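Colleague: I have a structure I would like to understand better, so I am pasting it below and will then ask my questions one at a time.
The values are calculated or read from the model by the stated rules, or taken from the named source; none is laboratory data. Here the structure is a predicted model, which means the values were calculated and not measured. Here the Cβ positions follow ideal geometry from the backbone for every residue, glycine too, while neighbour counts run over all protein chains shown. Calculation scope for accessible area: heavy atoms of the full protein, side chains included, ligands and nucleic acids excluded. Shrake-Rupley method; radii C 1.70, N 1.55, O 1.52, S 1.80 Å.
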There are 2 protein chains.
Amino acid sequence: MSVLIVGSTALDSIKTPKAVNPRLLGGSASHAAVAASFFGPVKLVGVVGEDFPQRYVQLYKRHRIDLRGLQTLPGKTFHWAGEYEANMNNRRTLKTELGVFETFNPTLPEVYRDAPFVLLANIAPALQHHVLNQMRRPRFVAADTMDLWLNVALPDLLKLLKRLDAFVLNDSEAQQLTGEDNVFVALKKIHRLGPKYVVIKQGSHGSILSGPQGLFICPAYPLRKVVDPTGAGDSFVGGMMGYLAAAKGPIDRHIRRAMTYGSVVASFCCEGFGLQRMTRVTRGQIDGRVKELERLTRF
Amino acid sequence: MSVLIVGSTALDSIKTPKAVNPRLLGGSASHAAVAASFFGPVKLVGVVGEDFPQRYVQLYKRHRIDLRGLQTLPGKTFHWAGEYEANMNNRRTLKTELGVFETFNPTLPEVYRDAPFVLLANIAPALQHHVLNQMRRPRFVAADTMDLWLNVALPDLLKLLKRLDAFVLNDSEAQQLTGEDNVFVALKKIHRLGPKYVVIKQGSHGSILSGPQGLFICPAYPLRKVVDPTGAGDSFVGGMMGYLAAAKGPIDRHIRRAMTYGSVVASFCCEGFGLQRMTRVTRGQIDGRVKELERLTRF
């Protein structure tokens with residue numbers, strides 16, 4: 001089954017202690033869509049400006065991503081610039097130019113509205129609502145977010161939580177949202193806000209699911225070298241939703257393995273700048289790391 | 001088989017935002033010995049002063065801990081006082097009075113010298129050497145440490161590493177020892193210093209083993225409430241060594257499960273001040289949480 005993904009489609013300029021990479025393909029929807037594309041069909045909703053390089057359109061196409069929901073508008077593509085410190089954990093935003101995203105208000109192509117799986121990747125909650133409003137009867141809706149929306153759009157986000165099956169956020173966002181240091185108490189509080197499934201991302205420490213079948217502790221794939229962690233969280237949720245959409249049967253039967261696949265796809269994301277490593281990965285390599293994670297956690 | 005444990009035997013005064021608890025039974029050897037006692041016989045090496053409460057001797061005895069290596073010397077018992085912040089992660093030492101530990105130089109009872117498993121719990125590396133020198137042919141030797149010894153006794157510690165089968169330390173100590181942010185690179189570097197097995201403790205994120213069979217990612221047991229984390233790391237390594245000493249067959253066959261048992265014992269440690277919760281736990285409850293961890297990590 002196909003997964004519809006809405007989020008940001010951006011150009012990222014990323015500086016690390018070892019390199020500077022201007023105008024990489026980035027944005028939450030780009031990372032999530034490429035991650036999901038390893039498992040089945042993806043329908044992308046986004047907007048780019050007239051400066052968007054044709055080679056990035058080709059990249060999406062090589063991943064067989066449906067681009068009928070990708071608008072090109074007069075103006076510039078969303079541009080984010082950031083810098084990482086030596087340990088790759090601390091990130092500083094150098095520039096955010098919204099460009100054509102400032103006025104983005106998509107009308108979904110008719111063929112998109114029946115997509116059974118919907119991923120509202122990180123973007124303004126108002127836009128997540130706007131897209132969800134146009135969907136007919138999605139089977140499973142998940143959303144990601146970021147600290148910015150907790151600060152500037154909390155009422156919209158709280159309304160969105162009531163419309164979701166799954167909510168994905170990182171540990172510091174969970175703490176900010178609930179006022180709880182303890183991640184397991186935070187999970188309980190987030191369930192009360194609406195979602196049946198809550199996933200808390202913990203970076204190199206993996207992630208935690210709380211759902212109808214209780215908790216699942218999902219490992220991160222061990223990486224000796226992190227080149228660029230930008231988009232790892234988006235890749236995680238994209239891989240998870242892509243796997244879920246491709247799996248047959250109840251969500252509960254597949255969601256743990258789906259998270260593990262998300263975790264592995266995110267590990268590949270971290271091994272290159274932007275989408276450079278991700279676009280060279282094969283499904284076989286992904287399966288291989290999932291098998292490895294099984295061995296690394298068995299006791 | 002029995003495990004010999006040397007380390008500190010102390011009185012801990014612990015302050016948290018919710019309570020003040022003076023003169024609890026503490027010290028690395030106390031926590032490790034009680035933790036190991038759930039699995040088999042334990043021989044304790046330590047020293048206390050004349051002020052050491054008789055009820056704590058009784059507590060050791062209830063856990064069938066061999067006390068022939070516990071000396072009582074004129075003077076005061078080692079006393080540590082510390083304070084935790086609200087999130088229980090940041091700890092501040094308020095007082096350290098070495099007391100009788102200042103001159104402790106134990107001669108092991110003859111019956112101790114053949115113990116097949118040796119745990120050199122956190123204490124000065126010179127003392128860890130001194131005890132190890134008296135052992136005849138231990139089958140498996142593990143040591144724990146702390147940042148203090150990296151700062152003030154690094155040459156002694158480096159010499160010790162060459163005499164160990166297993167070295168256990170936390171992630172910030174691993175970073176300090178190797179200069180490496182990445183835990184998997186740090187593990188490789190620590191192997192080069194001597195130990196065949198290296199275990200890195202990551203608090204509520206669990207722990208990681210690197211050994212002849214590769215990596216093992218060991219989960220922490222999910223706790224909704226942490227009352228007092230003092231001694232959790234000591235309980236972890238004590239539980240691990242206790243389980244290993246009780247298991248039959250090669251180390252590699254049991255070390256992953258041993259770590260999981262250590263992880264569970266440490267979770268009980270965190271649920272009470274000092275050893276208050278640990279001393280009321282049953283082996284059945286420990287087995288129950290290990291089974292639960294199996295379910296929480298399966299995918």
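Colleague: Name every residue in segment B:249-292 that is at the interface with chain A (Cβ under 10 Å from one of its Cβ atoms) and free of Cβ contacts under 8 Å to residues at least 12 places away in the same chain, in order of residue number.
Modeller: B:HIS254
Colleague: Regarding segment A:122-143, can at least one residue be identified that is among the aliphatic types (A, V, I, L, M), open to solvent by 20 Å² or more (accessible area, probe 1.4 Å), under 30 Å from A:LEU244 (Cα atoms) and without any contact (Cβ under 8 Å) to a residue 60 or more places away in the chain?
Modeller: Scanning segment A:122-143 turns up at least one residue that is among the aliphatic types (A, V, I, L, M), open to solvent by 20 Å² or more (accessible area, probe 1.4 Å), under 30 Å from A:LEU244 (Cα atoms) and without any contact (Cβ under 8 Å) to a residue 60 or more places away in the chain.
Colleague: Next question. Inspect segment A:53-66 for any residue being outside any strand (DSSP E or B), closer than 26 Å to A:LEU94 by Cα and touching a His at 6+ places or on another chain (Cβ under 8 Å) and give the result as yes or no.
Modeller: no
Colleague: Scan segment B:239-248 for residues that are within 13 Å of another protein chain (Cβ to nearest Cβ) and either free of Cβ contacts under 8 Å to residues at least 24 places away in the same chain or aromatic (Phe, Trp, Tyr) (or both) and report the count.
Modeller: Matching residues across segment B:239-248 total 2.
Colleague: Taking segment B:17-52 as the region of interest, how many residues are over 20 Å from B:LEU4 (Cβ atoms) and either open to solvent by 10 Å² or more (accessible area, probe 1.4 Å) or in a helix (DSSP H, G or I) (or both)?
Modeller: Residues flagged as over 20 Å from B:LEU4 (Cβ atoms) and either open to solvent by 10 Å² or more (accessible area, probe 1.4 Å) or in a helix (DSSP H, G or I) (or both) within segment B:17-52 amount to 11.
Colleague: Same structure, new question: It is to be established whether one or more residues within segment B:93-112 are polar (S, T, N, Q) and surrounded by 18 or more Cβ atoms within 10 Å (Cβ to Cβ).
Modeller: no
Colleague: Next question. Given the condition in contact (Cβ under 8 Å) with a residue 24 or more places away in the chain, open to solvent by less than 40 Å² (accessible area, probe 1.4 Å) and in a strand (DSSP E or B), answer yes or no: does some residue in segment B:168-184 qualify?
Modeller: Among the residues of segment B:168-184, at least one is in contact (Cβ under 8 Å) with a residue 24 or more places away in the chain, open to solvent by less than 40 Å² (accessible area, probe 1.4 Å) and in a strand (DSSP E or B), which makes the answer yes.
Colleague: Restricting to segment B:145-183, and then to whatever is under 16 Å from the mean Cα position of the chain (by Cα) and of a type outside the set (A, V, I, L, M), can you tell me which residue is nearest to B:LYS196 (Cα to Cα)?
Modeller: The qualifying residue nearest to B:LYS196 (Cα to Cα) is B:ASP165.
Colleague: Pick from segment B:195-210 the residues that are open to solvent by 20 Å² or more (accessible area, probe 1.4 Å) and over 11 Å from A:PRO219 (Cα atoms): which of them is farthest from the other protein chains (Cβ to nearest Cβ)?
Modeller: Going through the qualifying residues, I end up with B:LYS196.
Colleague: B:ARG256: in contact with a strand residue (DSSP E or B) (Cβ under 6 Å, 6 or more places away or on another chain), assigned to a helix (DSSP H, G or I) and open to solvent by 30 Å² or more (accessible area, probe 1.4 Å), yes or no?
Modeller: Yes.
Colleague: While we're looking at this one, here's another question. Grab the helices (runs of 4 or more DSSP H) fully contained in segment B:86-165, keeping just those with 1 or more residues being closer than 30 Å to A:ASP181 by Cα.
Modeller: Because the criterion is at least 1 residues that are closer than 30 Å to A:ASP181 by Cα, the helices (runs of 4 or more DSSP H) in segment B:86-165 that meet it are B:147-152.
Colleague: Given the condition at pLDDT 95 or above, among the aromatic types (Phe, Trp, Tyr) and under 30 Å from B:VAL20 (Cβ atoms), answer yes or no: does some residue in segment B:196-216 qualify?
Modeller: Among the residues of segment B:196-216, not one is at pLDDT 95 or above, among the aromatic types (Phe, Trp, Tyr) and under 30 Å from B:VAL20 (Cβ atoms), which makes the answer no.
Colleague: What about A:THR279, is it modelled with pLDDT of 95 or more, over 23 Å from A:VAL141 (Cβ atoms) and in a helix (DSSP H, G or I)?
Modeller: yes
Colleague: In addition: Testing B:GLN202 on (1) closer than 30 Å to B:ASN182 by Cβ; (2) touching a Leu at 6+ places or on another chain (Cβ under 6 Å), one condition comes back false. Which one is that?
Modeller: (2)
Colleague: Test of understanding: among B:ARG295, B:ARG192, which residue is open to solvent by 40 Å² or more (accessible area, probe 1.4 Å) and either among the aromatic types (Phe, Trp, Tyr) or within 14 Å of another protein chain (Cβ to nearest Cβ) (or both)?
Modeller: Matching residue, one of B:ARG295, B:ARG192: B:ARG295.
Colleague: In addition: If we keep just the residues of segment B:211-239 that are among the hydrophobic types (A, V, I, L, M, F, W, C), open to solvent by 10 Å² or more (accessible area, probe 1.4 Å) and part of a strand (DSSP E or B), which is farthest from B:ALA33 (Cα to Cα)?
Modeller: Once the filter is applied, the top-ranked residue is B:LEU215.
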